[in-house]
Amino acid sequence: MPRPCAALDPRRHDSEAFQALPQPFNLTDQQIASFRSDGVLKIDQLLPPAGVTAARQAVLRPLEAMGLWCDGDWRLDHIERPLWPATGLKPSRDIGNRHPEVEALIDEPGVRMVVEQLGGGGPFDRKVYPRPQILASLPNAGPWVLPNGWHVDAPRLASGNSPGLQMFACLDDVAPRGGATLAVAGSHHLLNDGRHLKARGINATLRQEPFFQRLFYGPADADLPAGRSGASPLQVVEFSGRAGDVWLMDLRVLHAAAPNASDRPRLMMTHRFVPTARLPEIAEAFGWPPSLP
Ligand SMILES: O=C(O)CCC(=O)C(=O)O
């Protein structure tokens with residue numbers, strides 16, 4: 001039985017001072033070019049420290065009620081360590097997604113600026129993805145190995161346009177091999193061949209190529225592989241970072257949840273930004289009725 005905790009103190013676990021980016025924030029041409037080329041971009045300290053602290057506190061409150069967080073530290077000794085692919089937490093059930101402090105992060109001026117710059121301007125829909133999601137996993141792996149479960153959440157569009165962007169933000173420091181999402185940088189360049197293709201078709205086509213064949217079915221590997229598909233270089237990257245760091249990802253990029261071989265739970269949030277202008281094409285590709293969503 002976990003012992004009672006002292007009241008949650010927001011300052012207790014901020015061990016190092018944040019170095020916030022000046023706001024408002026503009027991407028450089030080089031950052032934009034890098035996003036176009038890789039399909040992913042990391043922006044250190046895009047989120048303001050106060051906002052990140054408030055969001056982390058909101059996420060820690062239910063974990064404290066579960067006895068996992070107490071007096072400014074993790075208390076994991078009294079629970080059985082989950083074994084990957086079990087994550088020990090179901091974020092939507094155990095933490096919930098309706099936290100105003102977390103929702104506020106997607107409206108931070110720096111985030112809006114970056115999303116507009118990378119998403120090509122124009123409004124973003126708020127109906128399909130009304131709010132961000134929490135991504136959390138307990139330490140659940142001995143030696144870290146590449147996961148399976150590679151997927152995309154959006155279809156390829158016949159126009160070749162990107163269906164949007166996904167933001168991943170570290171709400172706490174997430175060390176390499178500490179459970180951060182993995183992504184195949186460069187994979188957004190593949191399969192833009194003038195037809196709609198849903199997730200299952202995308203995986204079925206990709207697995208015919210040696211790089212993906214090995215990624216999906218190869219031996220458990222502890223390295224982040226690199227390779228190519230035709231002219232496109234590919235590199236598996238890990239969305240780890242300091243609290244307040246943000247990764248942006250083209251929604252066409254193949255990605256996967258990963259084991260957490262650190263001694264600290266992984267706390268991140270994610271949100272998908274879909275341009276309103278893309279919705280009719282996405283609906284057509286998914287076969288949604290024209291009046292939906
Ligand atoms: O990192 C994770 O837990 C999975 C993230 C993911 O697959 C997603 O947000 O689409």
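Any read-out appearing in this document is the output of simple, stated calculations on the displayed coordinates, not a laboratory observation. If you're wondering where the values come from, they're calculated on a predicted model, not measured in any experiment. Neighbour counts are summed over all protein chains in view; Cβ atoms, including those assigned to glycine, are modelled from backbone coordinates with ideal geometry.
Summing +1 for each Lys or Arg and -1 for each Asp or Glu, what net charge is found among the other residues whose Cβ lies under 14 Å from the Cβ of residue 46?
Details: positive: 42, 112, 242; negative: 44, 107, 108, 116, 245.
Residues close to residue 46 contribute a combined charge of -2.
Using a Gaussian network model of the chain whose springs link C-alpha atoms within less than 10 Å, name the residue from 52, 128, 174 with the highest mean-square fluctuation.
Among 52, 128, 174, the largest mean-square fluctuation in the Gaussian network model of the chain belongs to 128.
Would you mind working out the magnitude of the charge dipole of the chain relative to its Cα centre, with +1 at each Lys and Arg C-beta and -1 at each Asp and Glu C-beta, to the nearest 20 Debye? Before the final figure, lay out the partial values.
Values: 30 positive and 31 negative charges, 156 e Å.
That gives the chain a dipole magnitude of about 740 debye.
Among 95, 79, 202, which one moves the most in a GNM of the chain with springs linking Cα atoms closer than 10 Å?
Greatest mean-square fluctuation among the candidates belongs to 79.
What residue among 271, 78, 188 has the largest mean-square fluctuation in a Gaussian network model of the chain, using Cα springs under 10 Å?
78
Counting Lys and Arg as +1 and Asp and Glu as -1, what is the net charge of the other residues whose Cβ lies under 14 Å from the Cβ of residue 263?
Details: positive: 75, 81, 177, 264, 266; negative: 73, 77, 172, 173.
Summing Lys/Arg as +1 and Asp/Glu as -1 gives +1.
Which order results if 129, 217 are arranged by neighbouring Cβ count within 10 Å, fewest first? Provide the component values of the computation, followed by the final result.
Values: 129 19, 217 9.
With the fewest neighbours first, 129, 217 line up as 217, 129.
Assign unit charges at the C-beta atoms only (+1 for Lys and Arg, -1 for Asp and Glu), then state the dipole size of segment 160-284 relative to its Cα centre in Debye, rounded to the nearest 20. If you can, show how the numbers build up before the last one.
Details: 13 positive and 12 negative charges, 56 e Å.
So the dipole magnitude of segment 160-284 works out to roughly 280 debye.
Only sites in a loop by DSSP and with at most 14 other Cβ atoms within 10 Å count here; which GluC sites (Glu not before Pro) in segment 44-108 make the cut? Before the final figure, lay out the partial values.
Working: sites: 64, 80, 101, 103; in loops: 80.
Answer by residue number: 80.
Going through segment 48-128, which trypsin sites (Lys or Arg not before Pro) have at most 15 other Cβ atoms within 10 Å and a DSSP loop state?
Values: sites: 56, 75, 93, 98, 112, 126, 127; in loops: 75, 98, 126, 127.
Here the sparse-neighbourhood loop sites are 98, 126, 127.
Cα axis of helix 29-38 to longest principal axis of the chain: angle in degrees, 0 to 90, nearest 10?
Roughly 80 degrees between the two axes.
Which is farthest toward the positive dipole end of segment 29-286 among 110, 196, 31, measuring Cα position about the Cα centre, with Cβ charges +1 (Lys, Arg) and -1 (Asp, Glu)?
So the residue we want is 196.
Given 66, 184, 161, which one lies farthest toward the positive end of the charge dipole of segment 29-286, if we put +1 on the Cβ of every Lys and Arg and -1 on the Cβ of every Asp and Glu?
161
Which is farthest toward the positive dipole end of the chain among 233, 283, 97, measuring Cα position about the Cα centre, with Cβ charges +1 (Lys, Arg) and -1 (Asp, Glu)?
So the residue we want is 283.
Let me check against my output: what whole-number percent is the relative contact order of segment 59-217, with C-alpha pairs under 8 Å and at least 6 apart?
Working: 114 pairs, mean separation 36.1, N = 159.
Taking the mean separation of contacting Cα pairs over the length of segment 59-217, I get 23 percent.
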